[in-house]
Every structure is written in C-alpha cells, then in structure tokens.
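Enquirer: Pasting a structure here, questions to come.
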Amino acid sequence: MAEKAGLIFYLQPIGRIDEKILRLTSQILAGAFGAETRVLPSVKIKKDFPETGSYDAYGLAQAVHGQLRPDSDGIVRGIILGITASGRFYSFDPKTGRYDGPLDGYAAINGAVAIITLATYYDYRDEAETKDLAESELGNLILHETGHIFGATHCGEYCLMRSNGSPLTRFILPKNRPREYCQSCAEKIQRNLQERTRYAAK
Ligand SMILES: [Zn+2]
Ligand SMILES: [Zn+2]
C-alpha cells in the first residue's frame, strides 16, 4: 500500500538553485497550504530558444509535470513546482500567433504543475541587490502561481491573483500586488486545496 502522506509539493530544481531559495520556497508553501515539500534532484532541460536562453513556458511545464512519479498503487498524486534561475519564459498565444513574455511564472489552472524563473531579477539587477529582492519577493511569485494550481484565475481586485503584465512591475513595484489573496480568491483556493488534500489521502 502507498503511504498516505496527504498533499505533497515536489520542488523540481531546473539547473542549479541556491539551497536558501529552495528552503525558503518550502517554508512559503508550508506556511500557506500546510503541505509537505520534497525537493527532487536537479534536472537539466534544454532551452527551446538557445539564442536568448529562453524556454517555451508550456513545453517546460509539460516536461516538469513529467517528473511526477506515481505512488506504488499507480496513482499520480501531488503537485510539482519547477524552479530555474536561468532561462526566461515565453508563452505562445494562438490568437496572435506570437510569443508573449518574458513571464516569470506559468501554471496550469486547476492542474498539478507550475514553473517559476528567477532569471528576470538576475537580468535586471546587479547581483547583490537582486538576491535580496528575489528572496523577499519570492513568496509573491510562488503564491500567485500556486493560486492558479488551486483553481484561481486572474482577479481584478487588489489581490495576489492580480495579473502583472511585466515581470519588472512585480518585483520593482511589488505594491501593485499585495502579498494576500482577496477573500473570494482565498475561499476558492481553500476549497480546492481541501478537495485535493482529501483526494491525496485516498
Ligand atoms: Zn497569473
Ligand atoms: Zn482575488
């Protein structure tokens, strides 16, 4: 029998990620969702656009999702969060036929996978300053993307699920988006989390 561990977040480092960032991410997820976090061994995933060092967000999310392994009873449980420090994300918009970006996060709504990149900070800020900024704002990014995993779409209120068009505004002007979900998003996320926690315990 599979061990009934409840809902587990798997952290999938893509390339090298600072231990401190991984620890902080686990703390953020535990604090917000009470979930256990397990760090998987780092993987290398080929960049879709080597000339700019970028990934196709959808393709990368699929590749990360593929790292989720079934339990001994054959059922795939859990949620996987891919995290990279090098590589920006671009997302193909079939409506315009163009790639949008760079994005600093991407998630399947009501799915099991999200990916985040810290590359944007490293591109725009000098290293020392970037490091602190990245760490202090990491929660905003992670909780936004996991909000999508738990079924929340973009929100028009002053809310963590508000869309930020440019990654720069998310970090340099974090006041654009508070660190909390509005009540309606919080309730939606909580309901989804409870359902999935029940399912994970089956
Ligand atoms: Zn979003
Ligand atoms: Zn909201």
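The values are calculated or read from the model by the stated rules, or taken from the named source; none is laboratory data. No experiment lies behind these values; they were computed from the predicted model shown. For neighbour counting, all protein chains shown are included, and Cβ atoms are generated from backbone atoms with ideal geometry for every residue, glycine included.
Enquirer: Could you please find all residues in region 100-116 being more than 13 Å from ligand 1 (Cβ to nearest atom), in a strand (DSSP E or B) and at pLDDT 90 or above?
Expert: Within region 100-116, VAL113 is the sole residue that qualifies.
Enquirer: Among the residues of region 157-197, write down those that are at pLDDT below 90 and more than 18 Å from the chain's Cα centre (by Cα).
Expert: Passing the criteria: GLU157, TYR158, ILE172, LEU173, LYS175, ASN176, THR197.
Enquirer: Hey, another quick one. Hey, can you tell me all the residues within region 63-72 that are more than 10 Å from ILE115 (Cβ to Cβ) and touching a residue at least 12 places away in the same chain (Cβ under 8 Å)?
Expert: GLN67, LEU68, ASP71, SER72, listed by residue number.
Enquirer: Within region 51-70, work out how many residues are part of a loop (DSSP other than H, G, I, E, B) and surrounded by fewer than 16 Cβ atoms within 10 Å (Cβ to Cβ).
Expert: Looking only at that region, the number is 6.
Enquirer: Also: So which residues in region 6-44 are in a helix (DSSP H, G or I) and touching a residue at least 12 places away in the same chain (Cβ under 8 Å), if there are any at all?
Expert: Across region 6-44, the qualifying residues are LYS20, ILE21, LEU22, LEU24, THR25, SER26, ILE28, LEU29, ALA32, PHE33.
Enquirer: Among the residues in region 86-95, are any buried (at least 23 other Cβ atoms within 10 Å of the Cβ), at pLDDT 85 or above and in a strand (DSSP E or B)?
Expert: Among the residues of region 86-95, at least one is buried (at least 23 other Cβ atoms within 10 Å of the Cβ), at pLDDT 85 or above and in a strand (DSSP E or B), which makes the answer yes.
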